[in-house]
Structure formats: C-alpha cells, structure tokens
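Reading through the structure tokens given below for one structure.
The values are calculated or read from the model by the stated rules, or taken from the named source; none is laboratory data. This one's a predicted model, so the numbers in the text were calculated from it and none came from an experiment. Glycine gets a Cβ as well: all are built from the backbone with ideal geometry, and neighbour counts include every protein chain shown. Side chains are part of the model used for accessible areas, which takes the heavy atoms of the whole protein and leaves out ligands, DNA and RNA. Shrake-Rupley method; radii C 1.70, N 1.55, O 1.52, S 1.80 Å.
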Amino acid sequence: MTLTSPSIPAEHVEALRSFNRFYTQRIGVLAPYLGSAFSLTEVRVLYELARDLRLDAGYLSRILRRFDHHDWIARVPSPADARQSLLKLTTKGHDVFEPLQQKSRDEAAALLSPLPPADRQRLMDALATVQRLLEPAGAPAPLRTAVLRDPRPGDLGWVVQQHGEIYAREYGWTSEFEALVAGIAAEFIQNFDPAWEKGWIAELDGERVGAVFVVRKSATVAQLRLLILTPQARGLGLGARLVDECIAFACSKGYKKMVLWTNSCLDAARAIYAQRGFQRVKSEPFHGYGHDLVGETWELKL
C-alpha cells in the first residue's frame, strides 16, 4: 500500500475514510465517485457487500444486476436458508475495486498531509465526536466484516511497512527493525514452499489490518513469524485467530512443535501465545533497534 505521504499513519487515513463513508451515508450523496463511472452508492455496495447498507431495495437490485452482468459478484446459497443468497466479490470485482481503494487512500492522505501531528490527532478526535453525535439514538454498532485470506502480490511489502511504522511509533524502534522484517519477508517469498508453509492476511471491512506466517524450520518444527495487527483492529480477537490458524496448519502438516521469537515488551502478543500453551524456553538480553531489549524464544508441542 503506497500512500501519498508515508508520514501519515495508516489508521488516520482509514479513520478519515470511515468518517467520509458515515457522513455521505447520512446526507445521501449519490454523485459519481472519484471521477469513475460508478456512483458513490455503487462503490459502497462493492466495498460493503456484507454490511447493512440501508439502501432502497429496488435501487440495490438494479445495482446488483449490473454487477452480475459484469461478473463482479458471485452468489452462493445461504447455509442457514437456501432461499437466500450470499454475495461476494469475484476476482474481476476485486480488480475493478482495488484502483478505487488506492485512489481513496491517496486522496485521504493528501488531505491530511499538511497538518502537523498534533493537529491531525485533534482532527481524528473531532471526527469521532461528530460521528458519535450524529449517530441516531439507540442505533446498533455498525457491523464489521473480518476475513483471513491468502497473501497476494504487494501484501508482504505492506507487512514490512506496518512493522516499521507501528514499532517506531509505539516503541521507538529504529529502521534496523524494519530492515530485519524486510529480510524475513524476502526470504519467505524467495523460498516459499506451499506444501509446508503458509501466510494469512487479515482484512477488516476490506482493509488489511494484520498478518502472520508459518515457515518450515525443520521436518518436525514449524516457526511462527511476523505476527502484526494494526491499532484499529485490536480488541476484536483477530490476533488470536491468526495464531490459531498457524497452530491448526502446523498440526495438519504433521509438525511436532511450533517455535517463535518475540520480545519481552510485547505483552499483547505474549498473552496470546501463553493462552494457547506456548512456553517461554529462552530469554536473552540484547541491544537492538536503538534500545536495550530482552529477546524470548517460545515453544508449543503439537
């Protein structure tokens, strides 16, 4: 993911885009979107097929017929009620929508880039206040759609970027850590063995918010690597789901043990590991990424 200004935190860009979606829904803007052939409502359907769009049924039906005609969506019977269909974007649908996604990110980043960090945070707080005050009384919390998918081209670059940005912002780590992650990501791509290794990208409402990877350390040992979750996705159980997928995959491949390396200051990740039976087997102080740290090795017998 390439933003207009790399200094703009991704969560600020997404907060602004989320507010824009909320506000345009409240005022009913239906003009062509971002200079494309799509109306804003059509893009909202692309973006939020799984959410309550609060649209007129006839209008929604016409939009979906258009999407069907272009093979942008697929319908499958609902397991709960065969009379109903579940909708999802096809590969062609994703290809149509991704350029719009990126243009929206770039425009949001360009809007935020002139603001100094303190003013940008004040804006984020103000947007949250506006949305809270304009939300109808008693309105349920908006539905959020979380999915785990296989990595696609560009995802590993996003993983490196998120490690660099998040750890610099939250822990003050230097670019030395980002370089380490970049090396791990490059090695995963270059030596990937699909029979024994796998990665997952977590998406929330269509946006990348997390990732994790399993690599083959030996014939009997799997290694969990590069677990990451963005701030806006925390508290939803996605980190635990990613680790659970790693464990299930390792078990399915017949690995006898899973290992990982982490740092003692990463309390949230360490709690997830401990809850799943990982044991800390080694602890060693070191100086890295501009700080005195304690590296830890954890193991789980499968």
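When each of THR129, THR145 is tested for being exposed (fewer than 11 other Cβ atoms within 10 Å of the Cβ), among the polar types (S, T, N, Q) and modelled with pLDDT under 80, the lone residue that passes is THR129.
Does LYS92 qualify as being at pLDDT 75 or above, closer than 20 Å to SER18 by Cβ and surrounded by fewer than 16 Cβ atoms within 10 Å (Cβ to Cβ)? Spelling it out, it is not the case that LYS92 is at pLDDT 75 or above, closer than 20 Å to SER18 by Cβ and surrounded by fewer than 16 Cβ atoms within 10 Å (Cβ to Cβ).
Could you say whether any residue in segment 257-274 is at pLDDT 95 or above, over 20 Å from HIS163 (Cα atoms) and over 27 Å from the mean Cα position of the chain (by Cα)? Yes, segment 257-274 has at least one match. Given the conditions (1) open to solvent by less than 70 Å² (accessible area, probe 1.4 Å); (2) in contact with a Phe, Trp or Tyr (Cβ under 6 Å, 6 or more places away or on another chain); (3) farther than 18 Å from ILE166 by Cα; (4) not basic (Lys, Arg), and given that TYR289 satisfies all but one, which numbered condition is not satisfied? Of everything listed in (1) open to solvent by less than 70 Å² (accessible area, probe 1.4 Å); (2) in contact with a Phe, Trp or Tyr (Cβ under 6 Å, 6 or more places away or on another chain); (3) farther than 18 Å from ILE166 by Cα; (4) not basic (Lys, Arg), TYR289 misses just condition (3). In the set (1) open to solvent by 30 Å² or more (accessible area, probe 1.4 Å); (2) more than 22 Å from ASP155 (Cβ to Cβ), the condition left unmet by ARG241 is number (2). Can you name the residue in segment 181-193 that is part of a helix (DSSP H, G or I) and open to solvent by 70 Å² or more (accessible area, probe 1.4 Å) and is also nearest to ASP267 (Cα to Cα) among such residues? That would be GLU187. Under the condition of being at pLDDT 75 or above and either touching a Lys or Arg at 6+ places or on another chain (Cβ under 8 Å) or open to solvent by 60 Å² or more (accessible area, probe 1.4 Å) (or both), the residues counted in segment 48-67 number 3.
Within segment 203-217, being assigned to a strand (DSSP E or B) and either of a type outside the set (Lys, Arg) or open to solvent by less than 20 Å² (accessible area, probe 1.4 Å) (or both) holds for GLU203, LEU204, GLU207, VAL209, GLY210, ALA211, VAL212, PHE213, VAL214, VAL215.
A residue that is in a strand (DSSP E or B) and open to solvent by less than 40 Å² (accessible area, probe 1.4 Å) occurs somewhere in segment 263-278. The set of residues from segment 111-127 being more than 15 Å from ALA10 (Cα to Cα) and under 23 Å from the mean Cα position of the chain (by Cα) comprises ASP125, LEU127.
Of the residues making up segment 224-241, those that are under 16 Å from THR145 (Cβ atoms) and among the hydrophobic types (A, V, I, L, M, F, W, C) are ALA233, LEU236, LEU238.
Of all residues in segment 244-259, exactly one satisfies the criterion of being part of a strand (DSSP E or B) and either open to solvent by 30 Å² or more (accessible area, probe 1.4 Å) or closer than 13 Å to ALA202 by Cα (or both), namely LYS257.
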